[in-house]
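Here is the structure we will look at.
Just so you know, all these numbers are worked out from the coordinates, no wet-lab data involved. Just so we're clear, the structure is a prediction, and the values are computed from it rather than from any experiment. Cβ placement follows ideal geometry from the backbone for every residue including glycine, while neighbour counts extend to all protein chains displayed.
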Amino acid sequence: MPVRAIAALLAVAAFGCAAAGADAATYHAFLCRVPYGPNAGSPAPTDGTTFQVLGANNLSRQTCATGGAMSASTDGAASHAYGEGASVTFTTPAGESVAGFTIWRHEAVGPSQPGQTGAPTTNIFYPGTPTIEGFCAQSTGCSGRGSAAAPLGAANQVSVANLSGITQIVWSATCGGSPGGICPAGAAQYDVYAADMLLNDGAPPAVTDVTGPLVAGGVLKGAQSVSFKATDGGSGVHRGALLVDGAVVSDQVLDANGGTCADLGVAPDQRPSFVSMQPCPPAVSGLLTLDTDALAPGAHTLTVRVTDAAGNPTVAVTGTINVAGRVPVATPNGSGASRAAKLSARWSSTTKPRRRLGFTTRPTVTGRLVDEHANPIAAAAVDVLVRERRAGAATTRIATAVTGADGTFKLALPSGPSRAITIQYTAFSGDPAPASAVALSAVVRAQLTASISPRSVRVGRPLRLSGRLRLLPRRGVDITIQARQHGVWRTVDTVKTRARGHFGWTYRFPSRSQAGRTFFFRARVSSPIYPFAAGAS
């Protein structure tokens, strides 16, 4: 169902199509309303849209600032010749193309008249495709699509992906049908409330005039800068970044462009998203600063990178810088801090370094810190490090005590399984090792329960020993099943715990010579992956 006005637009657009580069980056730009995120529904510009009318009293306009739409409509009170109507055309910025789009639209068409070859018609298309959804006309069984009551509702959404070389999207309301037809007094209307255009930007920024101390050579100290000029004819110059040894240490928007250069971060596919087709400025004078004192002394690789709004990167310069580095200032730990300090520490209830504890017991450690002349070191931080008694366990700091005026400290430790405990004192910040340390250990016995069923069994019939780890139950712990023989417990089998520490073992007495006898069984755990001392049921 072609129309004259739209056919002319197609012919013009076809000459302007250019495929985006194979390495083109993409970004989202919104029209009329922001469709996603916390500000969904708020107004957006209508950059790149043009409004065309053919025939009297038809209408092509936008009312987005007041919560309206980008609309094309025909006058329902007047007749129209074939091809008359209105259209709205979106055209990409120069050098860019549409990779895909989503619109939120509502269409409505009036009835065609009996005996007439014209019909009110709505349509959306792009060059090379006469229609995306199909023409909507009552002569084809379509009186409308979408809902005016829910502008951003799912019923209004139309999406097209994987486009190449497309630079225009057109929606229209016209008198369709056949050439020479007439549409007497029948309205057609196409409203687009919001559009999400995924645009291809095929070219990265151009960067020139890179100058400044960061690229001038010599040994650097303190805050140093690099300046440059950048241009981008597509989405605009967006961010400048400094990378040191491949890691980003500074990344900033170079020019906010009145706020339009801010990535909204609301696109479902995580690509950059903006309220403008060309959100960032085409030319920027950039300045980036690096605190070289934050780097280790010596040589480092510096990269200056500039990206446009689509994410196309340009490496402005990569080279080696040499920095002096900040001289660290050692901070003393406590009054009278000394690298020859002597730390004493013990359990409050025993002088032995190894203590047996219950699983819920919170033991107390006491101690004293003095210098090499036995003078107390006050207000010093004493660290408590713990490592569980199991294979692969890491050492972690769980607490810090502060010494009093006489150098003493007292600290209640958290409860837990068997563990190695280190109490240590580091005299100055930056010291590679503690000045003094004391090793303690807490021993907590494993607890497990077990029962046998039945307790009386015939030869050849199964008995079942089942049980559970009570403390920190876990899967995959070895449980040894033992039988007592001549007063000695001997291992007869090994099983592994299941979920939540449960385990089970089944046995049948094979010989009648065992009939009439009593046997004793137990379950025992002693595993390198289970942080408890050996225990038995």
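Work through the residues other than residue 98 whose Cβ is under 13 Å from its Cβ and net out their charges, Lys, Arg +1 and Asp, Glu -1.
Values: positive: none; negative: 96, 196, 201.
So the environment of residue 98 carries a net charge of -3.
Treat every Asp and Glu Cβ in the range 457-537 as -1 and every Lys and Arg Cβ as +1, leave all other atoms uncharged, and give the resulting dipole magnitude about the Cα centre to the nearest 20 debye. Can you show the working numbers first?
Values: 17 positive and 2 negative charges, 61 e Å.
Its charge dipole is roughly 300 debye.
Looking at the range 143-198, which chymotrypsin sites (Phe, Trp or Tyr not before Pro) are DSSP coil and have at most 11 other C-beta atoms within 10 Å of their C-beta?
Values: sites: 171, 190, 193; in loops: none.
Loop-located and lightly packed - none at all.
Excluding residue 368 itself, calculate the net charge of residues whose Cβ lies under 12 Å from the Cβ of residue 368, where each Lys or Arg counts +1 and each Asp or Glu counts -1.
Values: positive: 342, 346, 410; negative: 371, 406.
Charge balance near residue 368 sits at +1.
How big is the convex hull of the Cα atoms of the range 427-537, per residue, in Å³? Mind showing how you got there, number by number?
On the way: hull volume 15.4 nm³, N = 111.
It is 138 Å³ per residue.
Return the tail of the calculated pair distribution for the range 82-164, meaning the percent of Cα-Cα pairs more than 21 Å apart. Walk me through the intermediate numbers first.
Working: 1323 of 3403 pairs.
Looking at the range 82-164, the distances longer than 21 Å represent 39 percent of pairs.
Do the sum for the chain: with -39,500 (n - 2.57) for every DSSP H run of n ≥ 4, divided by all residues, what is the mean residue ellipticity at 222 nm, to the nearest 500 deg cm²/dmol?
Working: 1 runs with 13 residues, N = 537.
Taking each H run of at least 4 residues, the total per residue is -1000 deg cm²/dmol.
Between the range 23-65 and the range 435-455, how many Å separate their Cα centres?
The range 23-65 and the range 435-455 have Cα centres separated by 70 Å.
So between residue 500 and residue 451, what do we pick up on full extension, going 0.36 nm a residue minus the alpha carbon distance?
On the way: separation 49, 0.36 × 49 = 17.64 nm, distance 1.70 nm.
Working it through step by step, the gained length comes to 15.9 nm.
Over all directions, how big on average is the projection of the convex hull of the alpha-carbon atoms in the range 238-315, in square nanometres? Please list the in-between numbers first.
On the way: hull surface 24.6 nm².
Mean projected area of the Cα convex hull: 6.2 nm².
Relative contact order (percent) for the range 101-174, with alpha-carbon contacts under 8 angstrom and 6 or more residues of separation? Can you show the working numbers first?
Details: 125 pairs, mean separation 31.1, N = 74.
It comes to 42 percent, rounded to a whole number.
Just report the Cα centroid separation between the range 464-527 and the range 346-406, whole Å.
Using only Cα atoms, the two centres lie 39 Å from each other.
Beyond 39 Å, what percent of the Cα pairs of the chain remain? Don't jump to the answer; show the numbers that get you there.
Numbers: 87912 of 143916 pairs.
More than 39 Å apart: 61 percent of the Cα pairs in the chain.
Measure off 7 Å from each Cα along the Cα-to-Cβ vector at residue 372 and residue 387, then give the distance between these two points in nanometres to one decimal.
2.9
Under a Cβ-only charge scheme (Lys and Arg +1, Asp and Glu -1), can you give me the dipole magnitude of the range 294-404 about the Cα centre, in debye to the nearest 20? Present the calculation step by step, with values, prior to reporting the outcome.
Values: 15 positive and 5 negative charges, 187 e Å.
It comes to approximately 900 debye.
Using Cα-Cα distances under 8 Å and only pairs 6 or more residues apart, what relative contact order does the range 347-473 have, in percent? Display every interim value, and only then the final one.
Working: 243 pairs, mean separation 29.9, N = 127.
About 24 percent, as a whole number.
Mind checking the angle between helix 4-16 and the chain's longest principal axis? C-alpha axes, 0 to 90 degrees, to the nearest 10.
The helix 4-16 is inclined about 60 degrees to the chain.
At q = 0.12 Å⁻¹, what log₁₀ I(q)/I(0) does the range 288-431 have when each alpha carbon counts as one equal point scatterer in the Debye sum?
Debye intensities relative to I(0), on a log10 scale: -0.69.
List the trypsin sites (Lys or Arg not before Pro) within the range 201-271 that fall in a DSSP loop (any state other than H, G, I, E or B) and whose Cβ has at most 16 other Cβ atoms within 10 Å. Intermediate results must be reported in sequence, preceding the final value.
Details: sites: 221, 229, 239; in loops: 221.
Within the range 201-271, the qualifying trypsin sites (Lys or Arg not before Pro) (loop, at most 16 other Cβ atoms within 10 Å) are 221.
Report the FRET efficiency, 1/(1 + (r/R0)^6), for residue 256 and residue 397, where r is their Cβ-Cβ distance and R0 is 60 Å, rounded to 0.05. Display every interim value, and only then the final one.
Working: r = 43 Å, r/R0 = 0.72.
FRET efficiency, residue 256 to residue 397: 0.90.
Using Cα pairs under 8 angstrom and six or more residues apart, how large is the relative contact order of the chain, in percent? Numbers along the way, then the final one.
Details: 1493 pairs, mean separation 59.9, N = 537.
Reported as a whole number, the value is 11 percent.
Among the DSSP beta bridges whose two residues both lie in the chain, what percent are antiparallel, rounded to the nearest 5? It would help to have the intermediate numbers written out before the result.
Numbers: 159 of 167 bridges.
Roughly 95 percent of the DSSP beta bridges within the chain come out antiparallel.
Quick one: work out Rg over Rh on the C-alpha atoms of the range 131-184, Rh as Kirkwood radius. Present the calculation step by step, with values, prior to reporting the outcome.
Working: Rg = 14.3 Å, Rh = 14.0 Å.
Computed over Cα atoms, the ratio is 1.02.
As an exercise, identify the trypsin sites (Lys or Arg not before Pro) in the range 323-426 lying in DSSP coil whose Cβ has no more than 10 other Cβ atoms within 10 Å.
Working: sites: 326, 339, 342, 346, 354, 355, 356, 368, 387, 389, 390, 397, 410, 419; in loops: 326, 339, 389, 390.
Here no loop site has a sparse enough neighbourhood.
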